[in-house]
Amino acid sequence: MKCGAPLCRECLVRVGASPHCPACASIRAAQRRRETFPRFLPAAVTPAVRRNISGAVANKELRRLLALLFDSALVFIISIPVSFVLRFIGMLFLVPEVGGLGFFLCLYYSLFFVASLYFPLLWWRFGATPGKVLTSLKVKSVSGAPLTLLASFWRWTGLLTALIWMYVGFLLARSIVKLLSIFAAKLPLLFMLASWFGGITIALVFSLGVLIAFVGRHKRGFHDILGGSIVVSDTGGRGIPTR
């Protein structure tokens, strides 16, 4: 029905009432999973909240930021019980003198572990995380097909890398500001202003992987480029590239 390829009875796969080849059937199955994903959210919340958020926040880039913040909070909540389990396992298997892994170290490990499963698997299986569902957004490949598992993990690798570099840039800029505060009374004003400008520039340069998601026609960040993805608006099941 989709590609027009000839099929024998052994190759034919029916999705609903329509015959498909195996390749088209897998794509259609992935699309159906993505269409039914919002049903996992409470029925009373999903329609009203999605309409209110989309109506109140028309800017798609801001909705992407809200979705990331919501998903990050959800990952943090999930990671807390996981960190307790990891600490308990560490106390069982590490030597008594060590006393297991520290709480915050367990929490950091748990955050990385949960996020590394949460984002790629949801992008792959459903094309959206709960945050993106609530803000009426979806993640697709640039060709319009669903993301593969490998592309989803590449996208997560790009997002994690961009956020780490952004954090490094912030640390460098903060270090420059702290250093300048020590010699503030001895340095000329012009030098101070130039140094402040340099610190801000360093932070912006290290944040380019994230900031490029707010420019251009399709608003693709470093993670979108690496994963071959694009974020689209979920309007009645038809994705419209973010502009």
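The values are calculated or read from the model by the stated rules, or taken from the named source; none is laboratory data. Given the structure is predicted, the values throughout are model-derived calculations rather than measurements. We place every Cβ from the backbone using ideal geometry, glycine too, and count neighbours over all the protein chains shown. These accessible areas exclude ligands, DNA and RNA; they are computed on the full protein's heavy atoms, side chains included. Shrake-Rupley method; radii C 1.70, N 1.55, O 1.52, S 1.80 Å.
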Practice problem: For segment 136-144, just list the computed ³J(HN,Hα) in residue order, Karplus coefficients 6.51, -1.76 and 1.60, θ = phi - 60°, integers in Hz, with x standing in for Gly and Pro. | Solution: 6, 10, 9, 10, 9, 6, 5, 7, x
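For Asn59 and Val142, FRET efficiency with R0 = 22 Å and r from the beta-carbon atoms, rounded to 0.05? Please list the in-between numbers first.
Details: r = 22 Å, r/R0 = 1.00.
About 0.50, to the nearest 0.05.
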Practice problem: Run the quick spin-label model on Val168 and Leu211: label points 7 Å from Cα toward the beta carbon, then report their separation in nm to one decimal. | Solution: 1.7
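How long is the gain from Leu149 to Arg14 if the chain were fully straight, where each residue apart is worth 0.36 nm and the alpha carbon distance is subtracted? Present the calculation step by step, with values, prior to reporting the outcome.
Working: separation 135, 0.36 × 135 = 48.60 nm, distance 2.36 nm.
46.2 nm is the gain from fully extending Leu149 to Arg14.
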Quiz item: If Asp71, Asp234 are ordered by their accessible area, calculated over protein heavy atoms with a 1.4 Å probe, which sequence runs from highest to lowest?
Solution: Asp234, Asp71
Quiz item: Computed FRET efficiency, Cβ-Cβ of Leu117 and Cys3, R0 41 Å: what is it to the nearest 0.05?
Solution: 0.80
Exercise. Would you mind working out the accessible area per residue for segment 130-185, using a 1.4 Å probe, and quoting it in Å²?
Key: 53
Quiz item: How big is the accessible area of Cys11 in square angstrom, nearest 10, if you roll a 1.4 angstrom probe over the protein chains?
Solution: 60
